[in-house]
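K.L.:
Quick one: the structure is below, and I'll ask about it shortly.
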Amino acid sequence: MIIHINGYPGVGKLTVARIMAEALGARVVDNHSVYNLAFALTDYKSTAYYETLEAVRAIAFERVLELPQEIPVIFTNAHMTDSEWGNANWDAVVDLARRRGSELLVLVLDCAPAENDRRIASPDRAQKRKLTDPSQFTGNWSGRELIDRDGDHMTHIDTTGLTPEETAARALAWVRETQGLSES
């Protein structure tokens with residue numbers, strides 16, 4: 001299976017993905033593992049920026065296709081419905097799942113705007129080259145909606161009052177239910 005976790009910055013995508021990966025024996029392709037090279041070497045949103053993102057994504061997808069079918073892959077992203085780039089990337093993951101012959105499980109994580117601002121401003125995010133200034137992000141409170149289409153299975157989890165472990169436990173229960181897996 002491919003699990004595509006989509007959510008606004010700061011909702012806990014990477015932390016939840018890592019917990020889930022450990023439980024499922026999955027690999028994680030975090031959006032920052034794709035974006036950081038472009039951030040480091042190009043001007044933001046320049047032609048070179050997008051070319052770098054596409055090249056890194058292509059390499060990542062090639063490696064995913066080489067993995068044994070039984071190894072799940074978890075992607076994290078922050079793709080909104082009003083973004084041409086986000087929709088193109090979303091379609092690429094859908095296509096990857098189909099080419100791999102994998103079911104696509106779409107997990108959307110969200111949280112209340114005030115909690116989202118608090119999490120974005122967390123100092124540990126800076127060490128990971130993540131957004132840390134809430135004023136630079138226009139997410140759920142500005143009407144930008146997260147993409148949540150084309151999955152074989154889909155669920156939404158509001159992480160506002162949950163720890164990452166609680167969120168991951170809910171997500172894992174959903175994955176196991178959709179895949180007919182027992183808890184291991």
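The values are calculated or read from the model by the stated rules, or taken from the named source; none is laboratory data. In this text, all values refer to a predicted model and were calculated from it rather than measured experimentally. Every residue, glycine among them, receives a Cβ derived from its backbone with ideal geometry; neighbour counts consider all protein chains shown.
K.L.:
Kindly indicate the residue of the stretch 135-145 that is over 18 Å from the mean Cα position of the chain (by Cα) and outside any loop (DSSP other than H, G, I, E, B) and also modelled with the highest pLDDT among those meeting that condition. Step through it out loud before you land on a result.
P.N.:
First pass over the stretch 135-145, keeping only residues over 18 Å from the mean Cα position of the chain (by Cα): 135-136, 141-143.
Still in the running and outside any loop (DSSP other than H, G, I, E, B): 135-136, 141-142.
Values: S135: 53, Q136: 55, W141: 52, S142: 64.
Ranking the candidates gives S142 first.
K.L.:
May I ask you to say which residue of T42, T47 is touching a Phe, Trp or Tyr at 6+ places or on another chain (Cβ under 9 Å), among the β-branched types (V, I, T) and farther than 21 Å from G7 by Cα?
P.N.:
Working: T47 fails: touching a Phe, Trp or Tyr at 6+ places or on another chain (Cβ under 9 Å).
Exactly one residue qualifies, and that residue is T42.
K.L.:
Looking only at residues in the stretch 155-182 that are under 13 Å from M20 (Cβ atoms) and among the charged types (D, E, K, R), which one is surrounded by the fewest Cβ atoms within 10 Å (Cβ to Cβ)?
P.N.:
Going through the qualifying residues, I end up with E165.
K.L.:
With the checklist (1) under 16 Å from I71 (Cα atoms); (2) at pLDDT below 95 in hand, flag the one item A17 doesn't pass.
P.N.:
Condition not satisfied by A17: (2).
K.L.:
Something else now. I want to confirm something. Restricting to the stretch 34-80 and keeping residues that are touching a residue at least 40 places away in the same chain (Cβ under 8 Å), part of a loop (DSSP other than H, G, I, E, B) and in contact with a helix residue (DSSP H, G or I) (Cβ under 8 Å, 6 or more places away or on another chain), which single residue is farthest from L172 (Cα to Cα)?
P.N.:
In this case the residue turns out to be H79.
K.L.:
Among the residues of the stretch 20-42, count how many are crowded, with 18+ Cβ neighbours inside 10 Å, modelled with pLDDT under 95 and hydrophobic (A, V, I, L, M, F, W, C).
P.N.:
Within the stretch 20-42, the first condition is being crowded, with 18+ Cβ neighbours inside 10 Å, and the residues that meet it are 20, 24, 26, 28-31, 34-35, 38.
So of that shortlist, the ones also modelled with pLDDT under 95 come out as 30-31, 34-35, 38.
With the extra rule that they be hydrophobic (A, V, I, L, M, F, W, C), the set shrinks to 34, 38.
Matching residues across the stretch 20-42 total 2.
K.L.:
Next up: Can you tell me which residues in the stretch 61-100 are of a type in the set (A, V, I, L, M) and modelled with pLDDT of 95 or more?
P.N.:
Just the residues of the stretch 61-100 that are of a type in the set (A, V, I, L, M), to begin with: 64-65, 67, 71, 73-74, 78, 80, 88, 92-94, 96-97.
Of everything in the stretch 61-100, those that are of a type in the set (A, V, I, L, M) and modelled with pLDDT of 95 or more turn out to be V64, L65, L67, I71, V73, I74, A88, A92, V93, V94, L96, A97.
K.L.:
May I pose another question? I'd like to verify a number: residues in the stretch 54-93 that are hydrophobic (A, V, I, L, M, F, W, C) and within 18 Å of A26 (Cβ to Cβ), how many? Walk me through it before giving the result.
P.N.:
First, pick out the residues of the stretch 54-93 that are hydrophobic (A, V, I, L, M, F, W, C): 55-56, 58-61, 64-65, 67, 71, 73-75, 78, 80, 85, 88, 90, 92-93.
Adding the requirement that they be within 18 Å of A26 (Cβ to Cβ) leaves 60-61, 64-65, 67, 71, 73-75, 93.
Counting residues in the stretch 54-93 that are hydrophobic (A, V, I, L, M, F, W, C) and within 18 Å of A26 (Cβ to Cβ) gives 10.
K.L.:
Can I ask one more? Tell me which residues, restricted to the stretch 12-47, are of a type in the set (G, A, S) and within 19 Å of S83 (Cβ to Cβ). Show your work before the answer.
P.N.:
First pass over the stretch 12-47, keeping only residues of a type in the set (G, A, S): 12, 17, 21, 23, 25-26, 33, 38, 40, 46.
Of everything in the stretch 12-47, those that are of a type in the set (G, A, S) and within 19 Å of S83 (Cβ to Cβ) turn out to be A38, S46.
Matching residues to (1) under 23 Å from G10 (Cα atoms); (2) acidic (D, E):
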site: A21; (1), (2): yes, no
site: D30; (1), (2): yes, yes
site: S33; (1), (2): yes, no
site: L37; (1), (2): yes, no
site: T42; (1), (2): no, no
site: I59; (1), (2): no, no
site: Q69; (1), (2): no, no
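K.L.:
Determine whether the stretch 10-17 contains at least one residue that is outside any helix (DSSP H, G or I) and either surrounded by fewer than 19 Cβ atoms within 10 Å (Cβ to Cβ) or out of contact with any Lys or Arg (no Cβ under 8 Å at 6 or more places or on another chain) (or both).
P.N.:
Taking the stretch 10-17 and keeping what is outside any helix (DSSP H, G or I), we get 10-12.
The next check asks that each one be either surrounded by fewer than 19 Cβ atoms within 10 Å (Cβ to Cβ) or out of contact with any Lys or Arg (no Cβ under 8 Å at 6 or more places or on another chain) (or both); those that pass are none.
There is no residue in the stretch 10-17 that is outside any helix (DSSP H, G or I) and either surrounded by fewer than 19 Cβ atoms within 10 Å (Cβ to Cβ) or out of contact with any Lys or Arg (no Cβ under 8 Å at 6 or more places or on another chain) (or both).
K.L.:
Regarding R176, is this residue in contact with a Ser or Thr (Cβ under 9 Å, 6 or more places away or on another chain) and part of a loop (DSSP other than H, G, I, E, B)?
P.N.:
On the way: in contact with a Ser or Thr (Cβ under 9 Å, 6 or more places away or on another chain): yes; part of a loop (DSSP other than H, G, I, E, B): no.
Against the criterion (in contact with a Ser or Thr (Cβ under 9 Å, 6 or more places away or on another chain) and part of a loop (DSSP other than H, G, I, E, B)), R176 does not qualify.
K.L.:
A further question on this structure: From the residues in the stretch 146-184 that are of a type in the set (A, V, I, L, M, F, W, C) and touching a strand residue (DSSP E or B) at 6+ places or on another chain (Cβ under 7 Å), which one is modelled with the lowest pLDDT?
P.N.:
Filtering the stretch 146-184 for residues of a type in the set (A, V, I, L, M, F, W, C) gives 146-147, 154, 157, 162, 168-169, 171-175, 181.
Of the ones still in play, those that are also touching a strand residue (DSSP E or B) at 6+ places or on another chain (Cβ under 7 Å) are 146-147, 154, 157, 171, 174-175.
Numbers: L146: 91, I147: 95, M154: 97, I157: 97, A171: 98, W174: 98, V175: 98.
Ranking the candidates gives L146 first.
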